[in-house]
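This report concerns only the one structure given below.
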């Protein structure tokens, strides 16, 4: 989401939570506590030191926090807990997708092998059920076709 002009005012008003998409803080959720200029923001999170960050390194989320401009660390932490930022993030589709990506990246070779076998097994079950449905569908259409011509069983 590009942040320019009017969007900067929206960020200032809303105190949005953003995801860091580049750099050493990659993947962390931060709160934009103040806008320095049109390119940089002052960001803070419970597990990092307050610092400035370029807007190009931030991806805005829909999560908002009701705080004052440039709050103290304890106030920010309390506001994040009150707004249940972590819970909202984990429930969002974006957050769930990133959690799955991290989990898959952490798999070792044997875990990937077990996952492959489970997928093959699941595909076989789906294929069998689909074949049963096709047979039932075809048989019912054949039987109803015989009844249309007056042939009964």
Exercise. How far, in nm, would the chain grow between residue 138 and residue 94 when pulled straight, counting 0.36 nm per residue and subtracting the alpha carbon separation?
Worked result: 11.7 nm
Exercise. Taking square-rooted eigenvalues a ≥ b ≥ c of the alpha carbon gyration tensor, is segment 36-103 rounded, prolate or oblate, where a/c under 1.5 means rounded and, failing that, a/b exceeding b/c means prolate?
Worked result: oblate
Seminar exercise, completed: Assertion target for 55, 113, ordered by fewest C-beta neighbours within 10 angstrom first, is 113, 55
Seminar exercise, completed: Stretched fully, the stretch from residue 56 through residue 75 gains (0.36 nm per residue minus C-alpha distance, one decimal, in nm) 4.2 nm
Problem set entry | Centre separation in Å (Cα based) which lies between segment 28-49 and segment 97-139 | 41
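Any read-out appearing in this document is the output of simple, stated calculations on the displayed coordinates, not a laboratory observation. Predicted, not measured: the structure shown is a model, and the values here were computed from it. Every residue, glycine as well, gets a Cβ built from its backbone with ideal geometry; the counts of neighbours run over all protein chains shown.
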